[in-house]
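The values are calculated or read from the model by the stated rules, or taken from the named source; none is laboratory data. The structure presented is a predicted model; accordingly, all values stated were derived computationally and were not measured. Note that each Cβ is placed from the backbone with ideal geometry, even for glycine, and that neighbours are counted across all protein chains shown.
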Amino acid sequence: MDEKDSKVSSSAKTKKSKSKSPEKNSSPTKSAKSTKSLKSGSKSKSPKRKLTASTKDIRNDFVESSFFDIPKSTPELEDMTGQGLTQLNSKIFQKITLKTLILSGNNLRSLPSAIAELVNLEHLDLSKNPLRVKDVDDTKCLPLEMRFLRNLKYLSISECNLRYIPTTVWLCVHLKKLDLSRNKISLLVPDIGNLQKLTHLNLCQCNLTTLPPEIGFCTQLVEILLMANQIESLPDSLKDCVKLEQLKMSYRTFTALLDNYMENLISKGQIKSEHVPVVVFELENLKTLDLKNTKINNLPENNLKNLHELYLDYNYFEQFTDLALKPIGLKLTVLTISRNLLKEIPNELLNLSNLEVLDLSYNQISNLPSRFGLYKLKELYLNNNCLKTIIGSVSALKNLEKLNLEYNQITDLADLFYELKNLNYLDLSYNKLTRISPKINNLQLLQNAHSYDKFIKIGFWVIGNPLIIPPKEIWQTNNIHKIYKYLSGYNQRNLNYTFYSKLVFLGCSGIGKSYLIDSFFNNQNGLEPNENTDYRTIVARKFYKRTINKVEWMILDFGGHELYKIIHPLFFSSIDHEIEPTVLIIVYKHSEYTNETYYEFVGQWIESILTYSKLSTKNAIRIKLIGITDSSDLDTTDKIAQIKENSRQTIKEYFEKMTKKKSKLEAMINDSNITEDNKSYLKTVLENINKNLSGKVKILDEITLVDCKFRKKSIEKVINDLENITIKFNKIVPLSLNTHLKSFIPKLKTNLIDYEILVDHLKNNQELQNLIRNFKNSNLNTSDIINYLKTIGEIFWLNNDNQLNEKIFLHYEYVLNCLKIYIRHDLSEYLKSDKMKLFNSCGFFKNENEYETSVDLCNRYGIIEDKLFRFISFSSFQLNREELDQAIEFLKQFLILYKTETQYLEDDCSFGQIILPFMCVASFEEEKNSESVDPDLYCDDFYKYFIRLDKIRNRREEIKEINALRKQKELWSSQDTEFFDEEEESRRQSRLSSIDKPNIEALKFDYLTEIEHLRILPESDYINKYKYKGLYEINSIFKIERHFFNKLSILLQEFVYERYDWDNVVIARDLYGNCFRLRYSSEINTDEEYGIKIEILCADLKFLNEFKENFNVILEKLMVYYPGLCLTKKFTLVA
């Protein structure tokens, strides 16, 4: 046996399960020799392969064939095997329901005529009996009455030492399977043509040299077994067996027709081989053809269009013709051409599009083709050739799983070679490699090194190479991770550039995510969290880490509290996965994981990523799972399998819903009842859906587990995994450039800068431009530099937002600090803490009651008075007024808050100017059911709330005016009249008289004429005014989070004069009294979608049309932050 014997593919063995050869298995001797060579480093040679099949081989083929489909034990079966019978008991023939009769291994010489009474007999086994047949016309052995057994489908008379087949056999015309193997018949009579229903014929080891032409009448034949016969010819009529799929025989017997002279001419290519019968190549349904060692040098034109496997080993092929391979290539999946005379890979082979296994070992191939078209190829064997380098064209074989390149002269591997990410077996043994690239880390499916599985090589092999990197003590191992770790470490420590990527950590609150990050980024390995310390992250943390292997990360650790989901769209949607190497890491509690907790721990975060991220067609969004576990975890393997399956199912369901929504949108666009403006919007949504459907999302295969005590070993495993992922991105930047940029940005001394101005700064920086030019093999430009700065967190740039993409924040921390001013899960406790009470003494509030009242408004309604806003900003970050105003403007643009100049007067409390809708915890439903509230506020005619509000304001203005007049009267009454003349005294008395009886209605009218925007009308006039009612519905197939509702309400503030906010309802009106109400629901509607409703009351259609136009702009802006939400809208007008 040779080296080829140890490398036969698993897929080939599956397909050849009916014709297994001992050449395809490695022997223990081979295993021992390879193990010895691994230890000594010496080169070993493979023993030669045996070319003849043994009897054991035939038996194996026999046992695996369909001839032995014997029914299980039933009342309809009689098994009398090996009972020494010389004749049959007559009682047997009384069992007329008998279907299977097995008489194998007895001493029967013949059967009685009573056998014909078993009219239901289907299966008769007479093998291994001393049946006696004198000549071809003998009917004593098997009675003629057997021809009446119309149900007999299977007959076996194998191993009966017969010289002639009983003539009765040829009269059983209903037979489908006939086993005549291991007899001495020498000749198959023409009567075989009578069996026209025959599908399987076993003639193994029968001393045959040919088949009769009448075999062509057996047109239903699917399988013919001719192993261990010296076949010299085949009849042309065999091609009439149009259903023949298996013709198993030793084709090498045809070489008996060749003498040494003819063989020499064939081997030199001076003549074409023609000794294999042409009829073999005309069997159009043949599925397997084994022409090994048949001494042929060409394939004739053929009709083998259904051939699946073709074996051409040990022959004299130098090339192939297109005419020969074109019909074969339609369905061919396995092709072996080892030990031939090929000097290059024939172009004709590269067009076999369905090929999965290709063996070209033991040839003289010195170069690989510049193009591989074998996109389905899974196994490629090129060992024992003359290859010197592996060029990048091999990277086109994306599905390749096994690659054998041992015993060549390879000195170098192209970088693209390491893109073969599906490889689980790679053999580079006995070449001339001096170093292995760290990009070998890309091949993560290589789980072992220098190992065997049942005497077959598996994993990664490099023995017999003059390797310097890695050294012998590293590569001589069966632990491939030892090789990975050394190569990445050695290479990185000797590079003048760094690999970089962004790591975004997500996970539920309180599971240990932030402490995990602190453990390996702050070198706090092996420490247990302090139970008295709150490690929960506020909003997000950002910091750098550069490992010893020169891998640089920008880490963004998001807080796990539900509140912080409001900022996820802001960050996720701004990541351009086309150019930004980013890994989204979900940390979960592995020890508490169940199918019930999957959505809370993992599923919801995957949904957020899919909903807020812009999917890329070039680079997949990479999601890595890290589980925190403890010693009680005993079913880790099952859990990991469950998590992977559930995660992939979540992604699958997302795309299925997206596809369903696409079909619905296409139908709506073609609907004549849909308005043109709505069709235009739907086309925009459909365009986004098509982009997302073509995007890629990948759950990284390996789930990394970390013990809950964060010991050093498990932390190092996390670092190593993340390093390997980052290196795979292959995004690099020179260290000198990295250092220069980090010192350059702070010199600009501003928080916000225009994009074009920053570009000019970068272009005009001579040192920076020199560094870029000196970076070899690089085409870095200014845009690349800005994207790099964005990836590593030096700048914050919302390049996806048309309104903000011209502005760049130069300090990432500044953006986070702005968000941290008010977005915090512990704001209530923070405002009531002793620290804040100490700051309160700085004079922001008159007394403690005023402070507590203001804090309660903030905690319940998200309403922050101006002085409370300034107080928090000063106490937290010591911001001055200018910085504070700038922070407010940022948060408005980020759709976190809105600012209003209107003051709501309610119970003598001034509602402040800053509103944080997401902080509102007051429930509309709870307050609606409360007895102490105004029913006008919660009724369907919600405009009544504004009637009430106007009345309150009116009354307060009346009181205010009356009080002012009374004070004036007191002032005039107290005046000294001594120096007044009579005329002045008369005027004074007149004024006092008018004040004594003020016309309150007139005063109110005068006051209101000065305030145009407050049009106080009687309730009847309100009712008449709201002639039109519109209903706007926003729907999505995916869950609409509450923060989407909050952002929508913030964007609507542009059209609002005053409003009232609850957690899921907003009522508002504009300057002209038009009212609307927003309702958010987390329930699925009748269309199986989530939705938001906007009810509008107005006096004319003009407002409705303007609102619809403005609302389209609002939705388009929201689509920037929610690209995967697939929002649709519907407007209904009620006159």
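Scanning the range 163-189 for residues that are in a loop (DSSP other than H, G, I, E, B), out of contact with any strand residue (DSSP E or B) (no Cβ under 8 Å at 6 or more places or on another chain) and surrounded by fewer than 21 Cβ atoms within 10 Å (Cβ to Cβ) turns up Arg163, Tyr164, Val173, His174, Lys184, Ile185, Ser186, Leu187, Leu188, Val189. Here is the figure for the range 78-111: residues that are outside any strand (DSSP E or B), farther than 17 Å from Val169 by Cβ and of a type outside the set (S, T, N, Q) total 13. Quick one: which of Glu607, Glu645 is within 23 Å of Leu722 (Cα to Cα) and in contact with a Phe, Trp or Tyr (Cβ under 8 Å, 6 or more places away or on another chain)? That would be Glu607, the only listed residue that is within 23 Å of Leu722 (Cα to Cα) and in contact with a Phe, Trp or Tyr (Cβ under 8 Å, 6 or more places away or on another chain). Taken over the range 576-620, residues that are among the aromatic types (Phe, Trp, Tyr), in contact (Cβ under 8 Å) with a residue 24 or more places away in the chain and within 12 Å of Ile643 (Cα to Cα) amount to 4. Within the range 406-427, the residues that satisfy the criterion of being of a type in the set (Ser, Thr, Tyr) and in contact with a strand residue (DSSP E or B) (Cβ under 8 Å, 6 or more places away or on another chain) are Thr411, Tyr425.
Just one of the listed residues (Tyr564, Tyr588) is part of a strand (DSSP E or B) and on the phi < 0 side of the Ramachandran plot, and it is Tyr588. Answer yes if at least one residue in the range 1044-1052 is of a type in the set (Ser, Thr, Tyr), assigned to a strand (DSSP E or B), crowded, with 16+ Cβ neighbours inside 10 Å and at negative phi, and no otherwise. No, the range 1044-1052 has no match at all.
Listed here are the residues, each with its yes/no results for (1) closer than 18 Å to Gly105 by Cβ; (2) at pLDDT 95 or above.
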site	(1), (2)
Leu131	yes, no
Asp135	no, no
Thr139	no, no
Leu144	no, no
Leu155	yes, yes
Arg163	no, no
Pro166	no, no
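Taken as a whole, the structure places Leu221 among residues that are surrounded by 22 or more Cβ atoms within 10 Å (Cβ to Cβ), in contact with a Ser or Thr (Cβ under 8 Å, 6 or more places away or on another chain) and in a loop (DSSP other than H, G, I, E, B). Of the residues that make up the range 612-634, is at least one touching a Leu at 6+ places or on another chain (Cβ under 7 Å), assigned by TED's automatic domain parsing to the domain that holds Asn720 and not in a strand (DSSP E or B)? No, the range 612-634 contains no residue that is touching a Leu at 6+ places or on another chain (Cβ under 7 Å), assigned by TED's automatic domain parsing to the domain that holds Asn720 and not in a strand (DSSP E or B). Listed by first and then second residue, the pairs with beta-carbon distance under 8 Å, at least 6 apart or on different chains, first residue in the range 153-181 and under 21 Å from Thr100 (Cβ atoms), second β-branched (Val, Ile, Thr) and surrounded by fewer than 21 Cβ atoms within 10 Å (Cβ to Cβ), are Pro166/Thr139; Thr168/Thr139; Lys176/Thr199; Lys177/Thr199.
Select the helices (runs of 4 or more DSSP H) contained entirely in the range 724-801, then report the ones holding at least 1 residues which are of a type in the set (S, T, N, Q), in contact (Cβ under 8 Å) with a residue 60 or more places away in the chain and in contact with a Ser or Thr (Cβ under 8 Å, 6 or more places away or on another chain). Here the list reads 735-744, 782-791.
Residue-by-condition table, conditions (1) in contact (Cβ under 8 Å) with a residue 60 or more places away in the chain; (2) in a loop (DSSP other than H, G, I, E, B); (3) in contact with a His (Cβ under 9 Å, 6 or more places away or on another chain):
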residue	(1), (2), (3)
Ile640	yes, no, yes
Leu665	yes, no, no
Asp677	yes, no, no
Leu686	no, no, no
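Being at pLDDT 75 or above and in a strand (DSSP E or B) holds for only one residue in Leu516, Leu506, Leu467, and it is Leu506.
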